[in-house]
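What follows is a set of notes on a single structure, which appears directly below.
Nothing in this text is a laboratory measurement; each read-out follows from the coordinates by a stated rule. Worth saying up front: this structure is predicted, and the values here are computed from it rather than measured. Cβ atoms come from the backbone with ideal geometry, glycine included; neighbour counts cover every protein chain shown.
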Amino acid sequence: NSLKNVINILIVYILFQFIFAVIAVQLFNGRFYFCTDESKSTQRECKGMYFVFEEGKTLPKAEQREWKPRCFHYDNVAAAMLTLFAVQTGEGWPQVLQNSMAATYVGMGPIQNFRIEMSIFYIVYFVVFPFFFVNIFVALIIITFQEQGEAELQDGEIDKNQKSCIDFTIQARPLERYMPNKRNSFKYKIWRIVVSTPFEYFIMMLIVFNTLLLMMKYRDAPPLLDDILQVMNLVFTSFFLIECILKLIAFGFKNFFKDPWNIFDFTTVIGSIVDALVLELVERNREIPPRQSPNGQIYLNGFDAS
């Protein structure tokens, strides 16, 4: 039953593949040729013999210059459809993209990045085929299975909504939320803080600022900026450490480590602290210059930002 719907989409798929193949032939027909002698850039010059120096041999070997196309090219519609199919699979397509951007004119060899705008053709192609059509194929199969399931339910004594209610009742689990027993205790007050909406917004704001801080790191940055980023990373690490301490007080060790996100945050904070201590120890010993020391703490804070 799924094949009936897939065949219709397959026809549309082949039609769009043909359209892109025709466009590719118009853009790259006869432009994917090159000379086996890289010193010659035109078909007119690609004649005669040239020397090839093979590894491990002292004497060169003379070979005939050849003007030949790439393995994947767009000289005709059939070859273009095959090339586009290879591009769609994602195997080796960057080489085809580079050859397309290096394509010059008919009778001339490639020049690197001669037509960078040709990459737009592949961007549109990837949006239409690997992203759009593949999702359509998957969606049609899923919809067909759902329709078959509904047809089977119609033969029974319950409908789709009743079955959904039964499945929800069987699979439903109560939500657990820890709360201290004594409302007048210090632990309860800390719990009220860490579960409050303003506290969550504050932590989210810290994560956003920390992400912006990570974006400010770049190569050959001035020493002053590196120092500022290092100090700011320590400040954010301190805030995240305080968050973990407050949650440990509010939930206790057992309830705190029940949540996988708390375990992730705790591991990230501990890793950031260890990394900061190691960097400080290395800089004090002057074994490597401070500017060349790895800034691993930034990457650990990046996990927290994610």
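Listing for the model above:
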read-out	value
Helices (runs of 4 or more DSSP H) (entirely within region 182-259) containing at least 3 residues that are charged (D, E, K, R)	186-194, 223-256
Options Gly30, Gly48, Gly56: the member that is in contact (Cβ under 8 Å) with a residue 12 or more places away in the chain and exposed (fewer than 14 other Cβ atoms within 10 Å of the Cβ)	Gly48
Scope region 102-119; condition in a loop (DSSP other than H, G, I, E, B) and small (Gly, Ala, Ser); matching residues	Ala103, Gly107, Gly109
Search result, residues across region 91-101 that are touching a helix residue (DSSP H, G or I) at 6+ places or on another chain (Cβ under 9 Å) and surrounded by 14 or more Cβ atoms within 10 Å (Cβ to Cβ)	Trp93, Val96, Leu97, Asn99, Ser100, Met101
Every pair of residues 6+ apart whose Cβ atoms lie under 7 Å, when the first sits in region 250-264 and is surrounded by 13 or more Cβ atoms within 10 Å (Cβ to Cβ) while the second is β-branched (Val, Ile, Thr)	Ala250/Ile190; Ala250/Val194; Phe257/Ile263
Residues located in region 53-80, provided they are part of a strand (DSSP E or B) and closer than 25 Å to Gly92 by Cβ	Trp67, Lys68, Pro69
